[in-house]
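> There's a structure below that I have some questions on.
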Amino acid sequence: MASSRSGVEFRDFFPSMVEKLGAEGFLDELCNGFRLLMDSEKRVITFESLKRNSAAVLGLKGMGDEELMCMMKEGDLDGDGSLNQMEFCVLMFRLSPDLMKGSRMWLEEVMKNKM
Ligand SMILES: [Ca+2]
């Protein structure tokens, strides 16, 4: 995958989280992150909800508008201008290349069970 890292700086702390939490625990954390960031009425992440809530989420703190916008653009697979839970999780994995390398198998396993 030619990842255009379009200015998105992301501290790659996921691999150590997976070590600590295990695959399932980690996915729960991702879902938690999603809930923290989403617009509580629309149940998806919009640019506004991302901007409003990003300070609460480890790793997103201090991101500027442009970076958040890039994240939205990169994560929005179906082009509806918002991120649903699946899009968010996929994006998080794409932002963590190391995790991506090591995680294909367990990720698929966990996704099958959970989603
Ligand atoms: Ca979308």
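Readers should treat all values here as calculations from the given coordinates under stated rules, not as data from a laboratory. Owing to the predicted nature of the structure, the values given are computational and were not obtained by experimental measurement. Quick reminder, even Gly has a Cβ in these numbers, built from the backbone with ideal geometry, and neighbours come from all protein chains shown.
> Work out from phi, with θ = phi - 60° and the Karplus expression 6.51 cos²θ - 1.76 cosθ + 1.60, the ³J(HN,Hα) of each residue of segment 76-92, listed in order in whole Hz, and give x for Gly and Pro.
So the J values, rounded to whole Hz, are 7, 6, 9, x, 8, x, 9, 10, 8, 4, 5, 4, 5, 5, 4, 4, 4.
> Then there's this: Find out how many positive minus negative residues lie around GLU87, taking Lys and Arg as positive, Asp and Glu as negative, among other residues whose Cβ is under 11 Å from that of GLU87.
Details: positive: ARG94; negative: GLU74, ASP76, ASP78, ASP80.
Counting the neighbours of GLU87, the net charge comes to -3.
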